[in-house]
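Written below as structure tokens is the structure these notes are about.
The values are calculated or read from the model by the stated rules, or taken from the named source; none is laboratory data. No experiment lies behind these values; they were computed from the predicted model shown. Cβ placement follows ideal geometry from the backbone for every residue including glycine, while neighbour counts extend to all protein chains displayed.
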Amino acid sequence: MRIELEKRPAYSALFSMLSPFIALGLTIIAGAILFTALGKNPIDALYSFFIEPLTELWSLHELLIKAAPLILIAVGLSVCFRSNNWNIGAEGQFIMGGVVGSIVPIYFHEWNSFIVLPLMLIMGMIGGALYAGIPALLKTRFNTNEILSSLMLVYVAELFLDWLVRGPWRNPEGFNFPESRSFNDSAVLPELFPASGGANMGIIFALIATLLTWFMMRHMLKGFEVSVLGQSARAGRFAGFSSTKMIFFAFLFSGALAGLAGISEVSGAIGRLQPDISPAYGFTAIIVAFLGRLNPLGIFAAGIILALTYLGGEAAQISIGLPDKVARVFQGFLLFFVLACDTLIHYRVRLVTAVKARTEGEGAS
Amino acid sequence: MTLAEAILLTITTAATPLLLAAIGELVVERSGVLNLGVEGMIVMGAVVAFAAAQLTGSAYLGALFGMAAGCLFSLLFAFLTLTLVANQVATGLALTILGLGLSGMIGESFVGQRGVQLEEIAIPVLSSIPLIGNLLFNQDLIFYISIFSVFGVSWFLFKTRLGLQLRAIGDSHGSAHALGISVIKTRYLAVMFGGACAGLAGAQLSLVYTPQWVENMSAGRGWIALALVVFASWRPLRVLAGAYLFGAVTIGQLHAQALGFGIPSQFLSALPYLATIVVLVIISRNRRLTLMNTPASLGQSFVPDR
């Protein structure tokens, strides 16, 4: 028995809608098998993983806090991936956004003004964009593979942040803990509904980025340019589009959004710099981008689902003692199933048994 | 043992996993497949090798299991990209993400345990050669395999019919298919070989380099191995040179950290990653040379037409 693919005459609109849902369904089945293998009741485990975090108001706030950076980064990555530029160093751009955005509240920690926060956000975006500009520059100037260079820069950014908070930026009144000063009130991202939980402005940024990017990709020439150059650089050149400029645009755009996510996380959720500011948001966002089928609106929904796996992982650890690594396994499964199901969009999948193959062969001869 | 000898010995230990993983990936890429999941396969190899060695008490069984784990894990990638023609870049990333998660889960109960170390095998007579004997002929099995794999792969690719077919597939899968070469089957085998090599590289980390299990202990070596293949312009002997160069950089920065020099340790730790970027820039600057050496079908999916 073997699997054969038959190219569809046109891509299937039905499966293009359905494939993320099929992938989610398959992930849940795989998850149930995994939980059973770990000796837990799969129904209980799935409940505490996917439903429990949604039953309480405070954890809905947590969901938005976790979804915001994922959506922001993934929306930027979708533009990058659509233009066939593989920026997989968003984690590093997230960190550099957090670092550059924190310059003001760390050096001018007594400055209280309404202008501090906008300044931080803009600097964060610039930091992320410049850091993403390095692989873009190396790719356009020296033809260097952007996958490897952007990824290597993640490790460099992590070490740089580590050095900052243990060295020059360590809080002088912090008893030698590897942390910066805590930000003052004017440097902290405001909460949306302080009465019920901690969700902050980050999710609003994510929403705005989603809508603007959707509009750009759908209704603006730039969006068309992204798609054309992504599908065929040659066709793009005939249309007069420059792939060099596109490489810079894609990297700076995604880097700026990752940087915004970084400074929003540092300013909103953490309130200071510390060695570890991201639970691998930059990598999980790659899954978000693909689950959302590289469409900003889809990504918004996908970001909430992936945020749920972070929360579900914590909830399941507390309520039924599942190891916290389960969340990452889940995320990995999800990406695999999403990629596998995408095949259905362009191909019909047929199982060919030995008998059938033989009769077909006879018919042909 | 002199100090120089000790340093050289640590360099070989640091270079071996890079060498193995890169040689495996070289064969995969020569067949036209880009598997970015090397990091995931290494870390799976490391955790399974460690677990198997702990449970059976034998480091050799551990290494064998690590190799098998890498190979099995790569099948997942092969099925998605070769049978279901999924995007190779995205699937490779998926393999890495899943590998890092899964290995953390499997290894959770092994954290902090003292591991079993793969012992050295002294080759009679040769190991008594002054200066180089101890260095080259008194090593563990994985080291010997890594060196052997360079020459084995070199011979296979350039001196055998099967190797020629594999390179033909990598350069033009359409033409190879028209000639009656089985593209998909060959690529499956190549990917599995790459997986086994990465698994063994992982086993080296958890059985030789630091005989213990630490989460994410591959620490970017899979990505460095990928860069090494580009650096070596897809030639086995250059991979050998590149891996030892990187081993030297890694060990050099560790010694520099120990000596201090007043340079913050984080900057020194960042050196191997920065060196990778610099080397990539230098190699890929020459556009024509890169184009000439890159397997022409690299990263492209193949669906046989009838």
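Scanning segment A:140-156 for residues that are part of a helix (DSSP H, G or I), at the interface with chain B (Cβ under 9 Å from one of its Cβ atoms) and within 19 Å of A:Gly282 (Cβ to Cβ) turns up A:Ile147, A:Leu148, A:Ser149, A:Leu151, A:Met152, A:Leu153, A:Val154, A:Tyr155, A:Val156. Here are some residues: B:Leu280, B:Leu274, B:Leu298. Which one is more than 10 Å from every other protein chain (Cβ to nearest Cβ), at pLDDT 85 or above and out of contact with any strand residue (DSSP E or B) (no Cβ under 8 Å at 6 or more places or on another chain)? So the residue among B:Leu280, B:Leu274, B:Leu298 that is more than 10 Å from every other protein chain (Cβ to nearest Cβ), at pLDDT 85 or above and out of contact with any strand residue (DSSP E or B) (no Cβ under 8 Å at 6 or more places or on another chain) is B:Leu298. On inspection, A:Leu260 fails the criterion of being out of contact with any strand residue (DSSP E or B) (no Cβ under 8 Å at 6 or more places or on another chain), away from every other protein chain (no Cβ under 14 Å) and without any contact (Cβ under 8 Å) to a residue 60 or more places away in the chain.
Here B:Gly174 does not qualify as within 23 Å of B:Leu80 (Cβ to Cβ) and surrounded by 18 or more Cβ atoms within 10 Å (Cβ to Cβ).
Considering segment A:334-349, and only residues there that are within 8 Å of chain B (Cβ to nearest Cβ) and part of a helix (DSSP H, G or I), the residue that is nearest to A:Ile287 (Cα to Cα) turns out to be A:Leu335.
Being without any contact (Cβ under 8 Å) to a residue 12 or more places away in the chain, surrounded by fewer than 24 Cβ atoms within 10 Å (Cβ to Cβ) and out of contact with any strand residue (DSSP E or B) (no Cβ under 8 Å at 6 or more places or on another chain), is that true of even one residue in segment A:292-303? The answer is yes; a qualifying residue exists. Looking only at segment B:83-135, residues that are in a helix (DSSP H, G or I) and either at pLDDT below 80 or away from chain A (no Cβ under 11 Å) (or both) come to 7 in all. Applying the condition of being touching a residue at least 60 places away in the same chain (Cβ under 8 Å) and part of a loop (DSSP other than H, G, I, E, B) to segment B:283-295 and asking which residue is farthest from the other protein chains (Cβ to nearest Cβ) yields B:Pro295.
Looking at A:Leu273, A:Leu311, just one residue is crowded, with 22+ Cβ neighbours inside 10 Å, among the hydrophobic types (A, V, I, L, M, F, W, C), in a loop (DSSP other than H, G, I, E, B) and away from chain B (no Cβ under 12 Å), and that residue is A:Leu273. Scan segment B:88-130 for residues that are over 25 Å from A:Asp324 (Cβ atoms) and either without any contact (Cβ under 8 Å) to a residue 12 or more places away in the chain or of a type in the set (D, E, K, R) (or both) and the total you get is 10. Comparison of B:Ala63, B:Ala46 shows that the only residue that is closer than 21 Å to B:Ile23 by Cα, touching a Ser or Thr at 6+ places or on another chain (Cβ under 9 Å), away from chain A (no Cβ under 14 Å) and buried (at least 18 other Cβ atoms within 10 Å of the Cβ) is B:Ala46.
Answer yes if at least one residue in segment B:152-166 is crowded, with 20+ Cβ neighbours inside 10 Å and under 22 Å from B:Leu80 (Cα atoms), and no otherwise. Yes; the residues of segment B:152-166 include at least one that is crowded, with 20+ Cβ neighbours inside 10 Å and under 22 Å from B:Leu80 (Cα atoms). Is it true that some residue in segment A:165-173 is more than 25 Å from B:Ile282 (Cα to Cα), facing another protein chain (nearest Cβ under 9 Å) and either surrounded by fewer than 22 Cβ atoms within 10 Å (Cβ to Cβ) or not β-branched (Val, Ile, Thr) (or both)? Yes. Taking (1) at pLDDT below 90; (2) over 30 Å from B:Gln54 (Cβ atoms) in turn, B:Arg238 satisfies each apart from (1). Of all the numbered requirements in (1) more than 27 Å from A:Glu179 (Cα to Cα); (2) assigned to a helix (DSSP H, G or I); (3) more than 16 Å from the chain's Cα centre (by Cα), A:Asn84 misses one, and that requirement is (2).
Counting just the residues of segment A:1-57 that are polar (S, T, N, Q) and farther than 22 Å from A:Val326 by Cβ, which one comes out modelled with the highest pLDDT? Break it down stepwise before answering.
Restricting attention to segment A:1-57, the residues satisfying the condition of being polar (S, T, N, Q) are A:12, A:16, A:19, A:27, A:36, A:41, A:48, A:55.
From the residues that got through so far, the ones that are farther than 22 Å from A:Val326 by Cβ too are A:12, A:16, A:19.
On the way: A:Ser12: 79, A:Ser16: 80, A:Ser19: 85.
Among those residues, the one meeting the criterion is A:Ser19.
The condition of being surrounded by fewer than 24 Cβ atoms within 10 Å (Cβ to Cβ) and either in contact (Cβ under 8 Å) with a residue 24 or more places away in the chain or in the same structural domain as A:Ser278 (by TED's automatic domain parsing) (or both) holds for only one of A:Leu77, A:Leu54, A:Leu70, A:Leu14, that being A:Leu54. Look at segment A:184-198: where a residue is in the same structural domain as A:Val99 (by TED's automatic domain parsing) and at positive phi, no partner that is among the small types (Gly, Ala, Ser) and surrounded by 15 or more Cβ atoms within 10 Å (Cβ to Cβ) sits 6+ places away or on another chain with Cβ atoms under 6 Å. Residues in segment A:177-227 that are surrounded by 19 or more Cβ atoms within 10 Å (Cβ to Cβ) and in a helix (DSSP H, G or I): A:Ala187, A:Gly202, A:Ile203, A:Phe205, A:Ala206, A:Ala209, A:Thr210, A:Thr213, A:Trp214, A:Met217, A:Glu225, A:Val226.
Residues to consider are A:Ala199, A:Ala187; find the one that is of a type in the set (A, V, I, L, M, F, W, C), modelled with pLDDT under 85 and touching a strand residue (DSSP E or B) at 6+ places or on another chain (Cβ under 8 Å). I'd like the intermediate steps shown before the answer.
On the way: A:Ala187 fails: touching a strand residue (DSSP E or B) at 6+ places or on another chain (Cβ under 8 Å).
A:Ala199 is the lone residue from the list that is of a type in the set (A, V, I, L, M, F, W, C), modelled with pLDDT under 85 and touching a strand residue (DSSP E or B) at 6+ places or on another chain (Cβ under 8 Å).
Screening A:Gln331 on (1) at the interface with chain B (Cβ under 8 Å from one of its Cβ atoms); (2) touching a strand residue (DSSP E or B) at 6+ places or on another chain (Cβ under 9 Å) shows it passes everything except condition (2).
Scanning segment B:206-261 for residues that are polar (S, T, N, Q), assigned to a helix (DSSP H, G or I) and within 14 Å of another protein chain (Cβ to nearest Cβ) returns B:Thr250, B:Gln253, B:Gln257.
Would you pick out the residues in segment A:216-234 that are in contact with a helix residue (DSSP H, G or I) (Cβ under 8 Å, 6 or more places away or on another chain) and not charged (D, E, K, R)? Break it down stepwise before answering.
To start, the set of residues in segment A:216-234 that are in contact with a helix residue (DSSP H, G or I) (Cβ under 8 Å, 6 or more places away or on another chain) comprises A:216-217, A:222-223, A:225-230, A:233.
Matches in segment A:216-234: A:Met216, A:Met217, A:Gly223, A:Val226, A:Ser227, A:Val228, A:Leu229, A:Gly230, A:Ala233.
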